[in-house]
Amino acid sequence: MKNDEFAEVRPNVHSAQPEPVRSRARKGGGQAGAGRAARIALGSAAALAGLAAAVNWAARRSERANPPIGNFIEVDGVRLHYIDVGEGPPVVLLHGNGSMLQDPAIALVDRLADRHRVLAFDRPGFGYSDRPKNITWTPEAQMQLILEALRRLGVERPVLYGHSWGACLVVTFAVYHPDQIRGVVAASGYYFPNRRLDAAIAVLNVAPAIGPVVRNTLGPVLGALTGRGAVKALFSPNPIPPTFDEFPASLALRPSQLRASGEDGTTLREWAERTSPRYRQIRVPVFIVAGDGDKAVDYRGHAMRLHDEIPGSRLRIFPHTGHMVHHVHPDAIVEAIEAVFHMADDRAPSNTGTFGDAEPATREEEIITPS
């Protein structure tokens with residue numbers, strides 16, 4: 001009987017008792033895992049909050065160290081920061097993405113101001129200019145804002161110099177408002193809808209959910225760590241000139257400017273798609289410049305192609321030169337600006353006072369290919 005009783009009890013020992021034990025273990029493990037996940041989430045949120053506080057403190061410190069250097073004008077509710085020096089036929093300098101008015105001004109203002117009225121603007125969201133969030137700041141929108149600012153400042157038919165993103169902006173002027181300008185110098189620009197890696201990267205700073213987090217936390221930190229290398233890449237194969245030390249790079253790492261850079265980076269491809277079919281209509285003088293060593297924009301796919309599209313345009317490709325042509329060859333850029341004044345004088349305006357019906361000048365080019 002004892003053997004039979006043992007046989008009857010054994011199943012209860014081996015099958016009935018362990019099950020509650022396993023159940024309790026799973027329940028306890030799940031609670032512990034959830035607790036760990038909650039602690040990690042809270043810790044991460046606290047770390048991001050602390051980093052955001054540090055980033056915004058650094059932004060305010062940078063603004064105290066680099067106050068505005070120019071004047072302000074309000075246009076359609078947008079406050080624009082600009083400098084205005086010299087007298088004579090006007091020249092307007094427009095900077096690229098991620099930059100500020102100091103970039104072209106450092107290289108060109110002193111070389112131009114003895115015989116020209118020279119203005120340089122912080123484009124919307126850069127430097128100390130506003131960038132309202134209710135507007136999509138395409139090149140066309142920025143053109144209209146700057147056009148109205150120039151009108152209020154009494155600037156008539158300037159020559160425009162635009163670098164990189166600013167080159168797209170001055171070409172937009174040439175397409176839509178040729179009667180308001182003498183001509184343009186477009187440097188190191190993106191003009192055709194080729195795919196761009198930096199546009200994909202720019203999305204990180206403007207994506208609806210993650211964008212504000214990135215630009216208020218990791219974005220400025222990574223920018224501070226990699227910024228000097230990025231500048232070297234823009235200048236490469238040229239060294240960074242000592243004068244560029246005057247550029248207030250820390251202002252470019254503020255969350256507000258990272259938003260502006262990200263938004264501008266995402267607008268160019270669609271702009272090129274809708275604007276490039278109109279390049280052949282341009283009749284104002286256009287001088288295109290680029291470097292054959294530019295790692296940001298391929299000069300063959302953009303500068304040379306734009307030259308083929310615009311009747312009467314001039315082209316100069318600088319050998320062994322990177323993206324920052326106005327810092328590497330400032331005197332040559334000034335020569336290009338002066339050449340546009342002469343080109344404009346050589347073209348007879350139409351009866352309406354515009355260049356829209358004028359015959360283009362003879363095509364000129366100085367294409368210097370790498371050795």
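Give me the Debye-computed log₁₀ of I(q)/I(0) at q = 0.06, 0.07, 0.13, 0.15 Å⁻¹ for the range 71-367, equal point scatterers on Cα only, no solvent, two decimals. With one equal scatterer per Cα and no solvent, log10 I(q)/I(0) is -0.17, -0.23, -0.86, -1.18.
When the convex hull of its Cα atoms is viewed from all sides, the range 51-196 shows a mean projected area of 10.0 nm².
Each 5 Å bin from zero holds the following percent of Cα-Cα pairs in the range 50-103: 4, 13, 15, 23, 20, 13, 7, 3, 2, 1, 0.
Rule-based calculations on the coordinates, nothing more; no lab input. Fair warning: this is a prediction, and the values are worked out from it, not measured in the lab.
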